[in-house]
Amino acid sequence: MDDSTGKGKMFSMRERNQVLVALFAVGMCAGIILSERLYISSNREDILRGTALPNKPRSDRSAGVAAAGARSAQQLAGNGLAGNTAAAAVVYPKDAQMQALERYLLQVAPNREVLIGVSNVNPLREGMLETFLKGIQQAGVANYVVVALDEETERELKFRNVNVFYMPMEISKSQAETGANHAVSALKFGIIKKFLMLGWAVLLSDIDVCILQDPFKHLHRDHDLEGMSDGFDAPTAYGQIEGYDDPSMGWARFAQKESHFNLNSGLFYLAANPRTVELMQRLETRLGREKYWDQTAYNEEIFFLSHDHYKSPGVTVRVMSIYKFMNSKVLFKEVRHKAAGSSAMPVMVHINYHPDKHDRMKAVFKYYLDKDLDALTPFPGGSEKGT
């Protein structure tokens, strides 16, 4: 019997297998090409930056994507550009007061940035709070809140249709004998912490501040903290390297150190993120048990370096321009003596160096808003006549 039919079938099966293998290989290549194109398309920006994830087994890929997302959030939080978003990643417990505050902030500051002033009844009765509010209103700042520490202040401000939130706070025993102003000032860190925990960036302003322009148009928002300096020129405000001489060291007697004036704890902007929340928590805790000036504690917690068992909160810092966010020494010792029209109007002026605060505040408004060039003349440069 002729077996040619069997040979033909064998060759036919071999050819068919070759075709199937070829089709399988083509399919594999097409699949690889397609998957690579999908990967490149979905990771284009990371590839261009050089931060794309390497190929991983399927079981590891989801974990890698999650890690990349976490890293991205950390980068955003680190450069301060997404401070409020970073805070939103941490969920803090909300008591009834926090819930009420959140509802109120959504009404008056829906963009999640708010200027706050903290006041008890004393500035209200003295008229200083009214002058402070005049600045807010003429500058067109709508996203503000006065935190009232007592019912009289809340009641009066509500009657005047002022944005006010009642937040009674008890002065700690350690601060009870530091004077009314310092004791109230020490409370603000615990108050600010609540705003930050809810995801609102805070521009804190003491009541002895003249607001001449909308400050939110002059912030950089690239650091955790932007603060007004007590310095009066570039070296004292922004920093300088100073020499140190110890003759007992012989030829090795010289060294260098960095120096700048303290930031003022009465005018600063905080992005809402875990670092700024921790900073406020530390200050609230310290001033609740230590008889200490709040501004000293504020600068220690910001600038002291991590060492041994101490870890800094790690907030990044930008010093505000001394001619935009101006302290009263800069104004009364330098700027007012310049030729009329030679210097731009500041954004905010803090009467921090001088007594007769309210009179100076009213004079600042007359000088800059009413163009009364003699308004500042009666005041000495320092705290006493002849200075």
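Could you tell me how many of the residues in the stretch 91-116 are exposed (fewer than 14 other Cβ atoms within 10 Å of the Cβ) and not acidic (Asp, Glu)?
Residues meeting the conditions: 10.
This table checks each residue for (1) loosely packed, with under 14 Cβ neighbours inside 10 Å; (2) touching a helix residue (DSSP H, G or I) at 6+ places or on another chain (Cβ under 8 Å); (3) aromatic (Phe, Trp, Tyr); (4) closer than 15 Å to residue 262 by Cβ.
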| residue | (1), (2), (3), (4) |
| --- | --- |
| 193 | no, yes, no, no |
| 198 | no, yes, no, no |
| 209 | no, yes, no, no |
| 212 | no, yes, no, no |
| 217 | yes, no, no, no |
| 220 | yes, no, no, no |
| 236 | no, no, no, yes |
| 243 | yes, no, no, no |
| 249 | yes, no, no, no |
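List pairs: first residue in the stretch 180-195 and modelled with pLDDT of 80 or more and of a type in the set (Lys, Arg), second residue part of a helix (DSSP H, G or I) and buried (at least 22 other Cβ atoms within 10 Å of the Cβ) anywhere in the structure, Cβ distance under 7 angstrom, at least six positions apart or on different chains.
From the stretch 180-195, the pairs are 193/280; 194/101.
With (1) within 18 Å of residue 303 (Cβ to Cβ); (2) among the charged types (D, E, K, R); (3) in contact with a Ser or Thr (Cβ under 8 Å, 6 or more places away or on another chain) as the list, and residue 289 as the residue in question, which single condition is left unmet?
(1)
Select from the stretch 201-234 the residues that are out of contact with any Asp or Glu (no Cβ under 7 Å at 6 or more places or on another chain) and either farther than 26 Å from residue 363 by Cα or small (Gly, Ala, Ser) (or both) and list them in ascending order.
Selection gives 202, 205, 221, 222, 223, 224, 225, 226, 227, 229, 231, 234.
Being part of a loop (DSSP other than H, G, I, E, B), loosely packed, with under 13 Cβ neighbours inside 10 Å and touching a residue at least 24 places away in the same chain (Cβ under 8 Å) is the requirement here; does residue 383 meet it?
yes
Would you point out which residue out of 366, 333, 324 is under 28 Å from residue 125 (Cα atoms) and at pLDDT 95 or above?
366
Scan (1) touching a strand residue (DSSP E or B) at 6+ places or on another chain (Cβ under 8 Å); (2) small (Gly, Ala, Ser); (3) without any contact (Cβ under 8 Å) to a residue 24 or more places away in the chain for the single condition residue 328 breaks and write down its number.
Of the numbered conditions (1) touching a strand residue (DSSP E or B) at 6+ places or on another chain (Cβ under 8 Å); (2) small (Gly, Ala, Ser); (3) without any contact (Cβ under 8 Å) to a residue 24 or more places away in the chain, the odd one out for residue 328 is (3).
For the stretch 84-103, give me each residue that is at pLDDT 95 or above and either charged (D, E, K, R) or closer than 22 Å to residue 135 by Cα (or both).
102, 103
Mind counting the residues in the stretch 268-297 that are of a type in the set (A, V, I, L, M) and in contact with a Leu (Cβ under 7 Å, 6 or more places away or on another chain)?
Looking only at that region, the number is 5.
Does residue 172 satisfy the condition of being over 20 Å from the mean Cα position of the chain (by Cα), at pLDDT 95 or above, small (Gly, Ala, Ser) and over 20 Å from residue 357 (Cβ atoms)?
no
Tally up the residues in the stretch 300-316 that are in a loop (DSSP other than H, G, I, E, B) and either in contact with an Asp or Glu (Cβ under 8 Å, 6 or more places away or on another chain) or closer than 25 Å to residue 221 by Cα (or both), please.
Here the count works out to 9.
Given the criteria among the β-branched types (Val, Ile, Thr), farther than 27 Å from residue 138 by Cβ, modelled with pLDDT of 95 or more and touching a Gly at 6+ places or on another chain (Cβ under 8 Å), does residue 387 qualify?
no
Residue 290 is checked against (1) surrounded by 16 or more Cβ atoms within 10 Å (Cβ to Cβ); (2) touching a residue at least 24 places away in the same chain (Cβ under 8 Å); (3) more than 21 Å from the chain's Cα centre (by Cα) and fails just one. What number does that condition carry?
Going through (1) surrounded by 16 or more Cβ atoms within 10 Å (Cβ to Cβ); (2) touching a residue at least 24 places away in the same chain (Cβ under 8 Å); (3) more than 21 Å from the chain's Cα centre (by Cα) one by one, residue 290 breaks only (1).
Name the one entry in 120, 143 that is more than 23 Å from the chain's Cα centre (by Cα) and surrounded by 15 or more Cβ atoms within 10 Å (Cβ to Cβ).
Step by step, each of 120, 143 is checked, and only 120 is more than 23 Å from the chain's Cα centre (by Cα) and surrounded by 15 or more Cβ atoms within 10 Å (Cβ to Cβ).
Scan the stretch 301-346 for residues that are aromatic (Phe, Trp, Tyr) and under 23 Å from residue 207 (Cβ atoms) and jot them down.
Passing the criteria: 323, 325, 332.
Restricting to the stretch 298-316, name every residue that is surrounded by fewer than 19 Cβ atoms within 10 Å (Cβ to Cβ) and of a type in the set (A, V, I, L, M).
305
Residue 114 passes all but one of (1) modelled with pLDDT of 95 or more; (2) assigned to a helix (DSSP H, G or I); (3) within 24 Å of the chain's Cα centre (by Cα); which number fails?
In the conditions (1) modelled with pLDDT of 95 or more; (2) assigned to a helix (DSSP H, G or I); (3) within 24 Å of the chain's Cα centre (by Cα), residue 114 misses (2) alone.
The values are calculated or read from the model by the stated rules, or taken from the named source; none is laboratory data. All values reported here derive from a predicted model rather than from experimental measurement. Cβ coordinates were reconstructed from backbone atoms using ideal geometry, including for glycine residues, and neighbour counts include every protein chain displayed.
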